[in-house]
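Have a look at the structure below before the remarks.
Quick note: the coordinates plus some simple rules give every number you see, no bench work behind them. Keep in mind that what you see is a predicted model, and the values were worked out from it rather than measured.
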Amino acid sequence: MKTIIDGKKYDTKTAYKVGSSKGGDYTEFNPYDAECLYKKKNGEYFICSCNKRIMPRSAEQSRAWAMVNLEADEIEASFGEVEE
């Protein structure tokens, strides 16, 4: 999915998929997985929801979302090691 928001392009095909909530992938054939978090090459984050809506997010918002929705390995791969 690709869209332009406030003059910036967001494309799920070219961005790195950090992870998805409920452990699923968004596809046209499986539209009920909740959300996927992506990171653009320039470091910006966005979420793609099951209703095909792209929502830009700050690094802080993305990290908070990841802490609730992703596995530890996925979080640390994108946001760095978390203290014990």
Under a Gaussian network model of the chain whose springs join Cα atoms within less than 10 Å, the largest fluctuation of Ala72, Ala34, Ala15 belongs to Ala72
Rel. contact order, % - alpha carbon contacts under 8 angstrom, at least six apart, segment 2-79
24
Computed ³J(HN,Hα) along segment 71-80: with the Karplus parameters 6.51/-1.76/1.60, θ = phi - 60°, integer Hz and x for glycine or proline, the list is 6, 4, 4, 5, 5, 5, 5, 9, 10, x
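Once you sort the root eigenvalues of the Cα gyration tensor of segment 35-84 as a ≥ b ≥ c, which label holds: rounded (a/c under 1.5), prolate (a/b larger than b/c) or oblate (the other case)? If you can, show how the numbers build up before the last one.
Working: a/c = 2.28, a/b = 1.58, b/c = 1.44.
Cα axes put segment 35-84 in the prolate bin.
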Per-residue HN-Hα couplings for segment 56-70 [Karplus 6.51, -1.76, 1.60; θ = phi - 60°; Hz; x = Gly/Pro]:
x, 9, 6, 4, 5, 5, 5, 5, 4, 4, 4, 4, 8, 10, 10
